[in-house]
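Read-outs throughout are calculated quantities, based only on the coordinates presented, and are distinct from any laboratory measurement. Note that the structure is a prediction, hence the values are computed from the model and not measured. Reconstructed Cβ throughout: ideal geometry from the backbone, glycine too, with neighbour counts over all protein chains shown.
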Amino acid sequence: MSFTAALAAAVLAGAMQSAPPEAPPPGAARDRAIAQLHARSALAQPGSRDAARIAAELERIGAAYLAEGQAGRAAELMSEAYALDEENGIVLAELTLCYLRAEDYDAARFYLRLAEERVSRAPPEIYGVLGDVYLGLHRLDDAVFAWEECVRFGGSDPVLLARLARTRAELAVARGQRSLAFDHFNLFADAGVDDAIARRAGEDLEAAYARQVALFGGHLDARQVVVLYSGRSYFSLVSVPDWSSGLFDGKIRVSVEPDATRPEALAAVLAHELGHALIRNSSGDRAPAWFHEGLAQWSEGRRIPVRDVRGAVGAEPAASAEALDRRLAGRLARPAARASYAQALSLVEYLVARRGTGAIGCLLARLANEGGTFGEALAAETEMSEAELFGGWRQWAGL
C-alpha cells in the first residue's frame, strides 16, 4: 500500500489521547511487554475495566507494528485487543487499516462496519483518516461510510464534510464500476466501458509505465488508481472543460466515449495522465504547471516540428514561466488552451534539444532531493536561467 496508510497510522496514533504511554521499542523489551499482557489477559474478563486497559496497551504496541509496516503482526495484536474490548473504536479502526495494508478489503470492510454496531464513542479523527485512505483506493462506498462514522462520533470539520458531499455525488455516477488489477495499476471501469477496452487500457498503461520510468527516473510507490468513465458525467460533475478527456488529481481519470473506435487515442490520453503521476512522484510534487504539461505531452509522444511552432503557440505566447503557469491555471477556451499547451510542449522540446533527455530526470531528481525552486534546479542542471530558457526557445522557434 502507499505511504497514505503509514500516514494514516501516524495520524491515528496522534488521535489516541486515552492510550497508555509510548509502546516499548522493538526487540526483547516489546516481546516481554506482549508476554506480560498475554498473562494478564488470561485472567481478565472480556468487557471489564481491566480488559479495556489491557486492550489499550495491546493496541498501542500493535500501532507501532503497523507504523513499521508489519501489518500481519499488528493485526494479531489488534484482534486480541478487540476480543478484550469490543467497544474500542480505535482498535476497530486500526484493524481496518491493518487489512487495508494487506489488501484484504473484505476483512477491512467487516471491521469498519462493526464500529456502527458495537461502538458508541470514538475519536472522530480516526474515521476521517480511514475515509481518506478509502478514497485514495477508490473504494467510494467505504469512504462515505467511514466519514459518516466520523460525523456520528462528532466530527464537524468543514473540509471533511465537503469531501463527503463530493464523494457522495461521485458515487452517484460511479455505480456499477468493476475493477481490474495490473502490475502497477488498479483500474476501475464504468459498466458502459467494454471489457476489451478496459483490458487494453491496462496493457497500454503498463507499456507506457516502462517507457516513462526510464525517462523520469522515478516510479510509482504503489498501484496507481485509474478510472475509465463511460461518457462525461463525472467530468461534468467536477467542471472539466469539454476539450479535455483526461484528468489527474491523484487518480488517473479518463472519459471513454461509448463509440470509441480509436484505441491509440485512448492510449495517448492514458500515457499523458500517467506522465503527471510520475512527474509528481519524481519531483516531490515540486514541478511547475507548465513543465508538468509540457512533459506529459512529450511523454505521450506528441511533438511539434520547429517550423510549426509559430502557428501552434499563436501571436502572443507567454513571456515567462510565471505567465504560462497563470494561463494554464485559468479556465481556458479551446484555442487558448491549445496554444498554451503547445508552448509548454515546445519549451520541453527545446530543453531536450539543447541538453538531452537525461536533463529531464536530473531536473526532477534535484527538485525532489534538493528542494529549492524550479529556476534554481534548472540553473544547476542546465546552466540556463528560466529567462534564458524562454529567450533561447523564442530564438530557436523563430519567434
Can you give the local net charge around ARG302? Use residues other than it whose beta-carbon is closer than 13 angstrom to its beta-carbon, Lys and Arg +1, Asp and Glu -1. -3
Cα-centre dipole for the chain with unit charges at Cβ (Lys and Arg positive, Asp and Glu negative), debye to 20: 780 debye
Here the averaged projected area of the stretch 178-267, based on the convex hull of its alpha-carbon atoms and given in nm², is 6.0 nm²
What value, in deg cm²/dmol to 500, does the helix sum -39500 (n - 2.57) over DSSP H runs of n ≥ 4 give at 222 nm once divided by the residues of the chain? -21000 deg cm²/dmol
Go through the stretch 112-157 and name the trypsin sites (Lys or Arg not before Pro) that are in a DSSP coil and have 11 or fewer other Cβ atoms within 10 Å of their Cβ. ARG121
Show me, for the stretch 290-305, the HN-Hα J-couplings you get by feeding each phi into the Karplus relation (A = 6.51, B = -1.76, C = 1.60, θ = phi - 60°), rounded to Hz, glycine and proline as x. 5, 5, 3, 5, x, 5, 4, 5, 4, 6, 7, x, 6, 9, 10, x
I need the chymotrypsin sites (Phe, Trp or Tyr not before Pro) found in the stretch 246-320, filtered to DSSP loop residues with at most 12 other beta carbons within 10 Å of theirs. none
Anisotropy class of the stretch 89-165 from Cα gyration tensor, a/c 1.5 cut: oblate
Using only the C-alpha atoms of the stretch 262-399, find the volume of their convex hull and express it per residue in Å³. 107 Å³
Neighbour-count ranking for GLU370, GLU381 (other C-beta within 10 angstrom, fewest to most) reads GLU370, GLU381
